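**Q** Before I ask anything, let me first share the structure, which is written out below as structure tokens.
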Amino acid sequence: MDELKVEAQEDRGARAVTEGLGLRADFIMALRFFSRLPTGDSPHQVPDLGRIAMALPLASVAIGIGPVLLLIGGALIGLPAYFAAALAVAAMVIASGAMAEDALADAADGLFGGHTIERRLEIMKDSRHGTYGVAALCLFVLLRVTGLGAVAAINPLAAGAIWLSASIAGRSAVLWLAVALPPVRKDGASATAGRVPGRSFAVGAVFAVVLVFLLAGPVVGLLGPGVAVIAALVMIMGWTALCRRMIGGQTGDLIGALGALVEIAVLTALLGFV
């Protein structure tokens, strides 16, 4: 009887492991890591960036679709375009838990407010924001609102398509730092989630690029997404080099900040073709 109980427990454990794998589980893990959206009552798993990478483009669609529809709907029912854009950006901040905004502010304070690696890391860990952080945060919000508002005043559907494209690209790009650079802190969120295998990142990146072309291509032409991908690559390589030189690795703040920077880079490139 005891042996039967042990076998039954092992079977349940094996089923639990199996149920915790697959695209659905990875999708839920990505949502829990990058958003505050409800994900049901399935057991919580320790974040694994390798698994998250491949599901992140799809999770980015789920995170961004609500704010994008708010932008489009607000403009179509007659709200002033810039007001609709501000509401939509606020909704995105809520859906994402202000992850990119907080990371960008912390990264700006740390990288440009400290003179040594130790001091930069200390500043980034401080929850308070300084001048660099506040300036970076304000500019990030301002660029999104003005860029989206200007397009929404002319074509709300185009504004929604290019924003969702930029959001997908930015969120997928962040994981490159976890491929290229080691975590600086041994107890940080990025260290806990682990390094990202190059293959997993590549699969997610290809999926993200395909979505950018499918969403933005119909409203800006195929050249627009191509230029946007190049802009994203330049931003990724530049930020990676800066983090390597000033920190010697990556942290959760530096990863999140890259998402904000790539989103703006892609949005800027696409706006040039509207």
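Bear in mind that the values in this text are calculations on the coordinates, not laboratory data. All of these numbers come straight from a predicted model, not from anything done at the bench. Note that each Cβ is placed from the backbone with ideal geometry, even for glycine, and that neighbours are counted across all protein chains shown.
**Q** Return GLU122, GLU263, GLU101 ranked ascending by Cβ neighbour count within 10 Å, so the fewest neighbours appear first.
**A** Working: GLU122 13, GLU263 27, GLU101 21.
Final ranking by Cβ density, sparse to dense: GLU122, GLU101, GLU263.
**Q** Just tell me, in residue order, which DSSP H segments of the chain are both 15 angstrom or longer along the helix axis (alpha-carbon based) and at least 1.6 in mean Kyte-Doolittle hydropathy.
**A** Length and hydropathy pass: 49-76, 81-96, 131-152, 198-220, 252-271.
**Q** Peptides 265-274, 228-237: what's the order by average Cβ count within 10 Å, highest mean first?
**A** Listed from highest to lowest mean packing, they are 265-274, 228-237.
**Q** Run the numbers for LEU69 and PHE83: contour at 0.36 nm per residue of separation, minus the present Cα-Cα distance, in nm.
**A** That works out to 3.6 nm of additional length.
**Q** Sum up the charges of everything whose Cβ sits under 11 Å from the Cβ of GLN250, counting Lys and Arg as +1 and Asp and Glu as -1, but leave GLN250 out. Mind showing how you got there, number by number?
**A** Details: positive: ARG185, ARG195, ARG244; negative: ASP253.
Around GLN250, the surrounding residues sum to +2.
**Q** How much net charge surrounds LEU137 when only other residues with a Cβ under 12 Å from its Cβ are counted (Lys, Arg +1; Asp, Glu -1)?
**A** So the environment of LEU137 carries a net charge of -3.
**Q** How large is log10 of I(q)/I(0) for the chain at q = 0.10, 0.12, 0.17 Å⁻¹ when the intensity is taken from the Debye formula with one equal scatterer per alpha-carbon?
**A** Here log10 of I(q) over I(0) equals -0.52, -0.73, -1.34.
**Q** Run the quick spin-label model on ALA202 and LEU23: label points 7 Å from Cα toward the beta carbon, then report their separation in nm to one decimal.
**A** Each label point lies 7 Å from its Cα, and together they span 2.0 nm.
**Q** Counting only helical runs of four or more DSSP H residues, what would the 222 nm mean residue ellipticity of the chain come to if each run contributes -39,500 (n - 2.57) and the total is spread over all its residues?
**A** Theoretical 222 nm ellipticity from helices: -26000 deg cm²/dmol.
**Q** Next up: Taking the Cβ of SER200 as the center, what net charge do the other residues with Cβ under 11 Å away carry, scoring Lys and Arg +1 and Asp and Glu -1?
**A** +1
**Q** Next question, about the same structure. For GLN250, what residues show an amide H to amide H distance below 5 Å, using hydrogens built from the backbone and excluding near sequence neighbours?
**A** Placed amide hydrogens put VAL184 under 5 Å from GLN250.
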